[in-house]
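The values are calculated or read from the model by the stated rules, or taken from the named source; none is laboratory data. Since the structure is predicted, the reported quantities are computational estimates derived from the model, not experimental observations. Note that we place each Cβ from the backbone using ideal geometry, even for glycine, and neighbour counts take in every protein chain shown. SASA here: full protein model, heavy atoms, side chains in, ligands and nucleic acids out. Shrake-Rupley method; radii C 1.70, N 1.55, O 1.52, S 1.80 Å.
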Amino acid sequence: MNIAEPTSAVQTVYLNDYQQPAYWIDKTELEVDIYSGETFVRSRLTMRKNSSIEGAQLDLHGEGLELLEIAIDGEPLSEERYVQGPSVLSLTPETEKFVLETKVRIEPEQNTSLEGLYRSRTMYCTQCEAEGFRKITYYLDRPDVMSDFTTRVSADKSRCPVLLSNGNLVEAGSLDNGRHFATWHDPHKKPAYLFALVAGDLAKVEDSFTTCSGKQVALEIFVEEKDLGKCDHAMQSLKKSMQWDEQTYGREYDLDIFMIVAVDDFNMGAMENKGLNIFNTSCVLASPTTTTDAGFQRVEGVVAHEYFHNWSGNRVTCRDWFQLSLKEGFTVYRDSEFSADMGSRTVKRVEDVSLLRTHQFAEDAGPMAHPIRPSSYMEISNFYTLTIYEKGAEVVRMIANLLGPELFRKGTDLYFERHDGQAVTTEDFVRAMADVSGRDFSQFDNWYNQAGTPELTIVDAYDENAREYTLTVSQYTPATPECAVKKPFHIPLRMGLIGEAGELALTLADEIAEDLPEDNTDRVLEVTQTTQSFVFHNVPEKPVPSLLRNFSAPVKLKYDYSRDDLCAIVMRDSNGFTRYEAVQSLCMAAINDAMAAGEGGRFVLDERLPRVYRSLFAQAELDQAMFAYMLTLPAEGYIAEQQSEIDPQAIYQARSKVKSALAQALAGELEQTYRALSVDVEYSADAESIARRSLKNVCLSYLMDQPSDATLELCKTQFETATNMTDEIAALTAMVMSENAKAQAAAAVALSDFYVKWRDEALVVNQWFALQARNPAAGGLKRVNDLLQHEAYDSSNPNKIRAVIGGFCGGNTPNFHSLGETPEQGGYAFLAQQIQQLDAKNPQIAARLLTPLTRWRRYAPAYSQAMRSQLEALLEMPSLSPDCYEVVSKSLA
Ligand code: B3K
Ligand code: ZN
């Protein structure tokens with residue numbers, strides 16, 4: 001089809017076009033004067049020509065700025081000296097070194113994009129990554145321009161008693177008319193995307209940390225007064241992160257103060273601005289009565305992630321936005337290892353892999369697929385993706401595993417030392433790893449520049465006479481928009497072989513058994529060719545292969561396991577991850593059986609699955625969190641990824657059938673376990689307590705599938721007497737998600753009681769919104785529309801939008817995928833209407849919400865056509881933002 005360009009043509013940016021900037025900005029001095037309704041920004045930029053670039057034209061970025069003054073070296077510029085476009089201000093300075101001064105007027109109160117300087121409730125705050133700084137002042141808003149920032153903020157003293165920016169406070173004082181100011185200086189040169197400013201009426205919690213070299217760092221968390229009691233977990237998480245980064249990576253903090261500010265209206269989780277992190281309240285506030293265990297874990301993970309950016313992102317930053325995964329992939333890897341060290345390593349691995357396989361694999365198979373280092377984009381905000389973050393982390397993890405812990409640490413030391421204070425590329429990162437190890441990463445580089453999830457097909461053969469076992473591994477990566485034919489990847493395949501009595505020793509063809517370590521049952525095979533065989537010698541019996549242990553590479557594994565093989569792995573494999581995987585595969589087999597039986601068909605649960613579960617219930621030593629995950633059926637998104645053509649309703653039905661069948665088959669064990677774990681102890685967010693609650697609540701969700709009156713009472717009692725949010729909302733969720741009529745009736749009452757109880761806690765109300773949005777009962781579209789009209793809904797708050805619209809479209813299959821009788825009805829039309837309204841206000845959020853529609857090609861025809869027609873209608877909109885234009889046009893291309 002022909003795709004119309006929107007009125008202001010959206011430009012594509014290419015990695016190959018990268019050029020250094022024509023000018024550097026050595027010093028940036030800002031004066032930000034905040035008044036009610038308008039803010040004035042004065043900037044003084046000490047600039048210098050970059051001699052390696054020809055041409056003297058200076059193109060400054062600027063969007064939505066009202067230019068009031070402009071001068072070079074104190075001389076005002078006449079209008080013919082500069083050209084002002086909608087997003088660029090061009091001029092040609094006459095000297096190589098000069099000071100450019102501008103004064104602009106902006107209106108933070110009117111800024112609904114939540115990018116640049118904006119107002120959220122009682123405070124002013126900024127979000128500059130990736131390209132928000134240009135909404136504050138004229139600048140070279142690109143990450144390779146690093147500058148020394150001094151920021152003077154002034155505002156009304158009573159409305160904004162707290163004035164913050166990056167670095168250290170150098171001066172503060174009173175001004176006329178009830179105003180005051182504060183001046184901050186950041187001694188570390190940084191790109192504009194790390195700039196931050198906060199002004200508001202905030203209270204703070206203080207603590208301190210002594211670094212490994214004995215330096216005292218003040219730690220401050222700023223929140224609204226009412227939230228002061230919810231900062232302890234974030235503060236503890238921050239201190240643990242600081243210590244972990246010293247111990248694990250030798251990275252010490254480098255300013256006298258580290259601040260976190262919590263904001264209600266924020267497009268994502270948090271932002272790593274130098275010395276002044278700004279957080280979504282949902283990622284910093286935590287208390288047992290209002291926050292679930294998952295919420296506590298998220299706070300710990302996000303605090304750590306942002307803190308770790310101080311080195312992986314801030315001290316060493318990205319040359320351009322194509323390198324985003326340089327900081328994000330590495331930092332996700334770092335925070336994931338931190339969480340693994342704080343809790344259970346295998347559990348954390350299972351969580352990360354589930355996220356990757358459910359959501360990143362789908363992205364990699366859709367129209368927005370891109371390599372972790374993309375080669376082009378229209379709107380960089382669309383590239384803060386699971387691919388950049390999670391697959392990026394998997395690629396770093398593969399490097400770390402190939403090198404081993406000592407060499408990897410040497411590699412990161414070299415990387416930080418070599419590039420401290422620089423803006424670099426993913427190649428620089430890999431080069432440091434190659435230099436310390438002597439390894440050749442040239443083929444490995446394909447992970448950086450090819451999109452798509454490789455499929456690893458493995459067949460085996462056992463030769464009894466020769467006692468030889470052969471694994472033949474083939475890789476194939478489906479075409480993605482940027483590249484049809486893929487070069488083979490370098491894939492580390494961690495494996496073992498399971499025999500009747502346990503694991504077998506591994507001796508490859510060219511090895512001598514005596515030379516191998518004593519414990520020789522675990523191995524990483526390096527797959528580099530399209531098809532490759534690995535022959536093991538001295539194999540006494542036909543083994544069951546344990547493949548892709550710990551998910552050693554982000555690939556789809558295809559090996560034709562029988563259900564008996566899977567049972568053998570569950571019972572005998574030493575690798576916790578592979579055991580979990582085997583249980584999931586048994587579940588998938590059952591779900592496939594249910595799907596094959598069809599909607600009205602008779603489905604009989606293969607008895608091996610409940611048998612495996614029974615034996616797991618009996619294993620006292622099994623980690624409860626792991627068992628809870630094993631008991632959780634594969635997510636619908638994961639199941640969908642296994643289908644050649646997605647029928648979402650069939651997937652939902654099949655999954656529900658398997659759940660009901662298991663609930664029946666395991667009724668006794670589930671109830672016994674639920675009761676045994678229902679102990680009344682004080683809340684603690686340690687791994688063991690979280691594990692206990694999670695296993696208990698998984699059992700409850702099964703028990704509530706078709707509950708007896710007594711079970712329903714148990715659930716209601718848990719809801720009414722719970723002393724922590726995890727148990728309270730788990731009981732409520734079990735009622736809401738049950739298809740049983742009595743449970744639904746109880747849910748209606750409980751939902752309204754819950755709102756009355758928690759109406760003043762915005763973050764709890766968000767969970768309440770999200771849960772109702774996911775309610776699978778018929779009539780979901782009406783319910784979701786009612787939620788949008790609810791007194792607590794706020795259409796400019798991203799958390800609420802995500803809870804209601806995101807919850808409905810991403811977590812309510814029966815209703816979102818209901819087609820309606822005309823194209824104007826049904827879930828897809830609902831989403832398109834919401835996007836239309838949101839796009840004008842907050843394009844970043846609107847573009848994100850589009851995700852479910854972008855996958856239209858993967859669906860069965862009726863769904864697919866209905867999704868597509870909504871996308872086509874959106875493309876017709878006259879004023880579609882570049883953000884949505886990119887996603888919609890690429891989806892239809
Ligand atoms: N670096 C930020 C994300 C910024 C997103 C801008 N649209 C948070 C993080 O990854 O730590
Ligand atoms: Zn990050």
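Mind listing just one residue for me: the one in region 815-839 that is under 26 Å from the mean Cα position of the chain (by Cα) and hydrophobic (A, V, I, L, M, F, W, C) and, of those, surrounded by the most Cβ atoms within 10 Å (Cβ to Cβ)? Result: Ile835. Checked against the criterion of being at pLDDT 95 or above, among the polar types (S, T, N, Q), open to solvent by 20 Å² or more (accessible area, probe 1.4 Å) and over 21 Å from Thr528 (Cβ atoms), region 462-472 contains one or more residues that satisfy it.
List the pairs whose first member sits in region 557-570 and is over 8 Å from Ala582 (Cβ atoms), whose second member is among the aliphatic types (A, V, I, L, M) and part of a helix (DSSP H, G or I), and whose Cβ atoms are under 7 Å apart, counting only residues at least 6 apart or on separate chains? Partner pairs satisfying both residue conditions: Arg563/Leu586; Arg563/Ala589. The residues of region 314-349 that are away from ligand 1 (no atom under 16 Å from the Cβ) and buried (at least 24 other Cβ atoms within 10 Å of the Cβ) amount to a single one, Val347. Only one of the listed residues (Leu386, Leu402) is in contact with a strand residue (DSSP E or B) (Cβ under 8 Å, 6 or more places away or on another chain) and surrounded by fewer than 23 Cβ atoms within 10 Å (Cβ to Cβ). That residue is Leu402.
Condition check: at pLDDT 95 or above, more than 34 Å from the chain's Cα centre (by Cα) and surrounded by fewer than 12 Cβ atoms within 10 Å (Cβ to Cβ). Does Ser43 satisfy that? Walk me through how you get there before you give the answer.
Working: at pLDDT 95 or above: yes; more than 34 Å from the chain's Cα centre (by Cα): yes; surrounded by fewer than 12 Cβ atoms within 10 Å (Cβ to Cβ): no.
Here the answer is no, as Ser43 does not meet what is asked.
Exactly one residue among Tyr702, Tyr755 is farther than 22 Å from Lys657 by Cβ, open to solvent by less than 40 Å² (accessible area, probe 1.4 Å), among the aromatic types (Phe, Trp, Tyr) and part of a helix (DSSP H, G or I), and that residue is Tyr755. Are any residues in region 537-560 surrounded by fewer than 19 Cβ atoms within 10 Å (Cβ to Cβ) and assigned to a loop (DSSP other than H, G, I, E, B), and if so, which ones? Hits for region 537-560 are His537, Asn538, Pro540, Glu541, Lys542, Tyr559, Asp560.
Among all positions in region 179-193, there is no residue which is of a type in the set (S, T, N, Q), out of contact with any Lys or Arg (no Cβ under 7 Å at 6 or more places or on another chain), without any contact (Cβ under 8 Å) to a residue 40 or more places away in the chain and within 30 Å of Ser36 (Cβ to Cβ).
Scoring Leu355 on the criteria (1) under 16 Å from the mean Cα position of the chain (by Cα); (2) open to solvent by less than 20 Å² (accessible area, probe 1.4 Å); (3) of a type in the set (A, V, I, L, M, F, W, C) leaves a single failure, condition (2).
Is there any pair linking a residue in region 375-386 that is away from ligand 2 (no atom under 16 Å from the Cβ) to one that is open to solvent by 30 Å² or more (accessible area, probe 1.4 Å) and in a strand (DSSP E or B), with Cβ under 8 Å and at least six apart or on different chains, and which? Cβ pairs passing all conditions: Ser375/Tyr14; Ser376/Val13; Ser376/Tyr14; Tyr377/Val13; Met378/Val13. Number of residues in region 114-159 that are open to solvent by 10 Å² or more (accessible area, probe 1.4 Å) and assigned to a strand (DSSP E or B): the value is 5. The single condition from (1) surrounded by 24 or more Cβ atoms within 10 Å (Cβ to Cβ); (2) part of a helix (DSSP H, G or I) that Pro374 fails is (2).
Answer with yes or no whether Asn799 is more than 27 Å from the chain's Cα centre (by Cα) and not in a loop (DSSP other than H, G, I, E, B).
Details: more than 27 Å from the chain's Cα centre (by Cα): no; not in a loop (DSSP other than H, G, I, E, B): yes.
For Asn799, the condition - more than 27 Å from the chain's Cα centre (by Cα) and not in a loop (DSSP other than H, G, I, E, B) - is not met.
In the set (1) within 14 Å of ligand 1 (Cβ to nearest atom); (2) under 25 Å from Asn724 (Cα atoms); (3) open to solvent by 10 Å² or more (accessible area, probe 1.4 Å), the condition left unmet by Val284 is number (3).
Here region 671-680 is the region considered, the condition is being open to solvent by 40 Å² or more (accessible area, probe 1.4 Å) and assigned to a helix (DSSP H, G or I), and the residue that is nearest to Ala710 (Cα to Cα) is Glu671.
The set of residues in region 84-109 being outside any strand (DSSP E or B) and more than 20 Å from Ile278 (Cα to Cα) consists of Gly85, Pro86, Ser87, Thr92, Pro93, Glu94, Thr95, Glu96, Glu107.
In the set (1) within 11 Å of ligand 1 (Cβ to nearest atom); (2) within 30 Å of Leu633 (Cα to Cα); (3) open to solvent by less than 10 Å² (accessible area, probe 1.4 Å), the condition left unmet by Val299 is number (1).
In region 774-787, the residue that is nearest to Ala730 (Cα to Cα) out of those that are of a type in the set (A, V, I, L, M) and in contact (Cβ under 8 Å) with a residue 40 or more places away in the chain is Val784.
Name the helices (runs of 4 or more DSSP H) wholly within region 569-670 that hold at least 3 residues that are at pLDDT 95 or above and open to solvent by less than 10 Å² (accessible area, probe 1.4 Å)? I'd like the intermediate steps shown before the answer.
Working: elements: 576-597, 608-617, 624-631, 636-641, 648-665.
Helices (runs of 4 or more DSSP H) meeting the threshold: 576-597, 608-617, 624-631, 648-665.
Summed over region 229-283, the residues that are within 15 Å of ligand 2 (Cβ to nearest atom) and within 22 Å of Cys125 (Cα to Cα) give a count of 15.
Going residue by residue through region 840-848, is there one that turns out to be within 19 Å of Gly806 (Cβ to Cβ), in contact with a Pro (Cβ under 8 Å, 6 or more places away or on another chain) and open to solvent by 20 Å² or more (accessible area, probe 1.4 Å)? Break it down stepwise before answering.
Of the residues in region 840-848, the ones within 19 Å of Gly806 (Cβ to Cβ) are 840-848.
Next, from what is left, pick out any that are in contact with a Pro (Cβ under 8 Å, 6 or more places away or on another chain): 842-843, 845.
From what's left, open to solvent by 20 Å² or more (accessible area, probe 1.4 Å): 843.
Yes; the residues of region 840-848 include at least one that is within 19 Å of Gly806 (Cβ to Cβ), in contact with a Pro (Cβ under 8 Å, 6 or more places away or on another chain) and open to solvent by 20 Å² or more (accessible area, probe 1.4 Å).
The residue that is nearest to Ile388 (Cα to Cα), counting only those in region 429-442 that are in a loop (DSSP other than H, G, I, E, B) and either in contact with a Lys or Arg (Cβ under 7 Å, 6 or more places away or on another chain) or open to solvent by 50 Å² or more (accessible area, probe 1.4 Å) (or both), is Ser442.
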